[in-house]
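Reviewing the structure listed below.
The values are calculated or read from the model by the stated rules, or taken from the named source; none is laboratory data. All of these numbers come straight from a predicted model, not from anything done at the bench. Positions of Cβ are generated from backbone atoms using ideal geometry, with glycine treated the same way; all protein chains shown enter the neighbour counts.
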Amino acid sequence: MTKASDSAAPRRSPFPPWLRKRVPTGGEARRVRDLLAELRLETVCSGAHCPNLPECFARGTATFMILGGTCTRSCRFCAVPDDPPGPLRDDEPGAVAEAAARLGLRHVVVTSVTRDDLADGGAGHFARTIRAIRQRLPKAVVEVLVPDFEGREADVETVCAAGPDIFNHNVETVPRLYPAVRPQADYRRSLDVLAHALRFAAGRDRPRFTKSGLMVGLGETHDEVRAVLADLRGAGCGIVTIGQYLAPSPAHVPVARFVEPEEFAAWEAEARAMGFAAVAAGPFVRSSYHADRVYEQCTGDVTA
């Protein structure tokens, strides 16, 4: 028989202490949610079940996710549904710009699902969104986090020609784990996307930086992470983020281990020693988490 005192005992969190954070409260988060609902906009914050959503919404910011709310790929780390995608919203670029302006954003981050069903992978839609933001917020920093466009250089150039300040494409994990984690992606192709964006920027003023991110806690080794960082530097990548993988559900790839904060600090120091212009590493770090503050490391500009 279960004792009453046992049944009343609080449930123990499956996460270590450094992965528990206080959820902020306040009216700003509600304002962000209401605005997104009014303009019918998706965010990666909600779509990917990001643990930082309450904090970021409470700061009055969000990462916009364009091209719909469903993905044509089935990465086993991601919570975004892989249902058949719908048609693009012609008014979505303007809606993103409207939301960014009403939120008063000075650093706007736009990402997307992967749309392999589109001839250009959605590159033209990205370009229209960048231009719409520039028209409404000419002084804002614009950061895009793009899919790999199946390696098509012309699509990378379409996005870059629209003039984002930061061109981000995540490698996500070490190459050995791609078959289990990103079965429809290719590690070398992702590196080539980053390298081509930088080549295209040569002689132009934008994009100023390329950026990438990876998750740890999936079963990678220290040497493998070090090799990925070296490969990113070899591709000219200037900004890198490293964060803890958290499984969105039991159906996703399980967490192999929880990386301690001291190890993240060591990775940050090592990445800086490799020559990255900006590094963010920590248990809650995600590609767009405090993206404005990360960019400040590169420019010295105050964007928040």
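Per-residue answers, yes or no, for (1) without any contact (Cβ under 8 Å) to a residue 40 or more places away in the chain; (2) in a loop (DSSP other than H, G, I, E, B); (3) of a type in the set (S, T, N, Q):
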residue	(1), (2), (3)
LEU191	no, no, no
HIS196	no, no, no
HIS252	no, yes, no
GLU270	no, no, no
PHE276	no, yes, no
ALA281	no, no, no
SER288	no, yes, yes
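Is at least one residue of region 209-222 in a helix (DSSP H, G or I) and either closer than 22 Å to ALA291 by Cα or free of Cβ contacts under 8 Å to residues at least 24 places away in the same chain (or both)?
yes
Here is a check on your reading of the model: is GLU260 within 27 Å of ALA195 (Cβ to Cβ) and either surrounded by fewer than 20 Cβ atoms within 10 Å (Cβ to Cβ) or in contact with a Cys (Cβ under 9 Å, 6 or more places away or on another chain) (or both)?
The answer is no for GLU260.
Sort out which residues of region 228-247 are more than 11 Å from LEU194 (Cβ to Cβ) and exposed (fewer than 15 other Cβ atoms within 10 Å of the Cβ), and write them in order of number.
Selection gives ALA230 alone.
Could you check, for region 54-67, whether at least one of its residues is on the phi > 0 side of the Ramachandran plot and at pLDDT 95 or above?
Yes, some residue in region 54-67 is on the phi > 0 side of the Ramachandran plot and at pLDDT 95 or above.
Among the candidates ALA304, ALA265, which residue alone is of a type in the set (A, V, I, L, M) and at pLDDT below 90?
Going through ALA304, ALA265 in turn, the sole match is ALA304.
Sort out for me the helices (runs of 4 or more DSSP H) sitting completely within region 77-180 that have 1 or more residues that are at pLDDT below 95.
In region 77-180, the matching helices (runs of 4 or more DSSP H) lie at 92-103.
Check VAL146 against each of (1) under 16 Å from the mean Cα position of the chain (by Cα); (2) buried (at least 24 other Cβ atoms within 10 Å of the Cβ); (3) in contact (Cβ under 8 Å) with a residue 60 or more places away in the chain and name the one condition it does not meet.
(3)
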